[in-house]
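Take a look at the structure set out below.
The values are calculated or read from the model by the stated rules, or taken from the named source; none is laboratory data. Not measured: the values here are computed from a predicted model. Note: ideal-geometry Cβ built from the backbone for every residue, glycine included; neighbour counts use all protein chains shown. The protein model used for the area step is the full one, side chains on, heavy atoms only, and it has no ligands, DNA or RNA in it. Shrake-Rupley method; radii C 1.70, N 1.55, O 1.52, S 1.80 Å.
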Amino acid sequence: MTTTVTPPDAPPPGAPAKESKRPRLPKSARAGGQLHGGPIAYAILIVFTIVSLFPLVWTAIAASRDNQRLAQTPPPFWFGSGLFDKLEIAWNEANLGEAFFNTTIVAGVSALVVVFLSTIAGFAFAKLRFRGRGALMLIVIGTMMVPPQLSVIPLYMMVAKLDWTDQLQAVIFPSLVSAFGVFFMRQYLIQALPDEIIEAARVDGASSWRVVWHVVFPAARPAMAVLGMLTFVQTWNDFMWPFLVLTQMGNPTVQVAVAGLGRGYTPDQSLIMAGALLGTLPLLLVFAIFGKQIVGGIMQGAVKG
């Protein structure tokens, strides 16, 4: 005959089992919980926000004043009554309507081509095996260390020989290739694109171009969005090269058109600030519309990597 020994702390037969008491974790430590900063973190963020917004706010304040008020001490720290008048004068005198159109074309085409070529080249350097890959990558990185001022004279001679002066292609073509873009996409694809996915596509009979279109581009979409945004902003703000090959009365970009407002024996500083403010607003609008998607793409790529 078998005898069952019941522990002294065991529940009687038929009674519900007691739940084991586990320490409850705070919400911030659970999976998917949000971390909340303290007052010091919020204070630091507020200070950094104010410091970051101050140049833009000061530009708007200076655009609403005149030269006499801007020259006084202390300078004005609040808006005047002539902001919209100065914006209208700057828009008309600098021909900013045509400048916005030209700059949008230049920045848009440059961003699209740079993202496309950089993604393909980055994939080749990251995942393809060919002779001289390391040496070519070192050459690409080495071109980033060459000051762009060294290429101005030979590049201008080529543009003049092609009769491209004062035409938009003189600004577009030199910016279609980016060594930083190739390096950036290479570093991203090394982590975000597993070799097993490429091998599976090869087994299914996919060609190299099909692998690029259906595997590489979807995996690199977050990095492509970031690179496109950076290239668009850099091209939009580029001043030196467009100033050399374009004129304000021909096909100006925004920076060339705004530079024309500073001519004269006594430049109107408020008018220059108004033009600079108008030239900055489209970038703020683009980031306000697509900033959330770009940041989300960065986080998505970080999780996948």
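The peptide list 185-197, 130-142, 248-260, put in order of mean Cβ contacts within 10 Å with the highest first, becomes 248-260, 185-197, 130-142. Exposure check, 1.4 Å probe, all protein chains in place: THR247 carries approximately 70 Å² of accessible surface. At an R0 of 22 angstrom, the distance between the Cβ atoms of GLU88 and ILE289 translates into a FRET efficiency of 0.30. In plain terms, the chain from VAL57 to ARG131 could stretch by 21.3 nm, reckoned as 0.36 nm per residue minus the Cα-Cα distance.
Protein heavy-atom accessible surface, 1.4 Å probe, per residue over the stretch 41-303: 59 Å². Using the Karplus relation 6.51 cos²θ - 1.76 cosθ + 1.60 with θ = phi - 60°, the per-residue 3J(HN,Hα) values for the stretch 208-224 come to 4, 5, 5, 4, 5, 6, 9, 10, 5, 4, x, 6, 9, 4, x, 5, 5 Hz, with x marking Gly and Pro. Computed packing ranks the peptides 281-291, 106-116 as 106-116, 281-291, most packed first, by mean other Cβ atoms within 10 Å. Test of understanding: extend the Cα→C-beta vector of GLN149 to 7 Å, then name every residue of the stretch 221-259 with backbone N under 19 Å from that spot. Only 238-245 fall inside the zone, counting backbone N under 19 Å. Extension gain for the segment VAL177 to HIS214, taken as residue separation times 0.36 nm less the Cα-Cα distance, is 11.0 nm to one decimal.
Distances between placed amide hydrogens fall under 5 Å for LEU176 paired with no residue 5 or more residues away or on another chain.
If you wrap the stretch 41-303 in the convex hull of its Cα atoms and look at it from every side, the mean projected area works out to 18.9 nm². If you average the alpha carbon positions of the stretch 39-64 and of the stretch 120-148, how far apart do those two centres end up, in angstrom? Computed from Cα coordinates, the inter-centre distance equals 40 Å.
Other residues whose C-beta falls under 12 angstrom from the C-beta of LEU244 contribute a net charge of -2, scoring Lys and Arg +1 and Asp and Glu -1. Based on the Kirkwood approach, the hydrodynamic radius assigned to the stretch 170-258 is 15.6 Å, with every pair of different Cα atoms included. Give, as ranges by residue number, the residues of the stretch 66-98 whose backbone N falls under 20 Å from the point 7 Å along Cα→Cβ of MET249. Inside the label zone: 90-98. Karplus-derived 3J(HN,Hα) values for the stretch 72-89, using 6.51 cos²θ - 1.76 cosθ + 1.60 with θ = phi - 60°, are 7, 10, x, x, x, 10, 9, 6, x, 9, x, 5, 5, 5, 5, 5, 5, 5 Hz; glycine and proline are entered as x.
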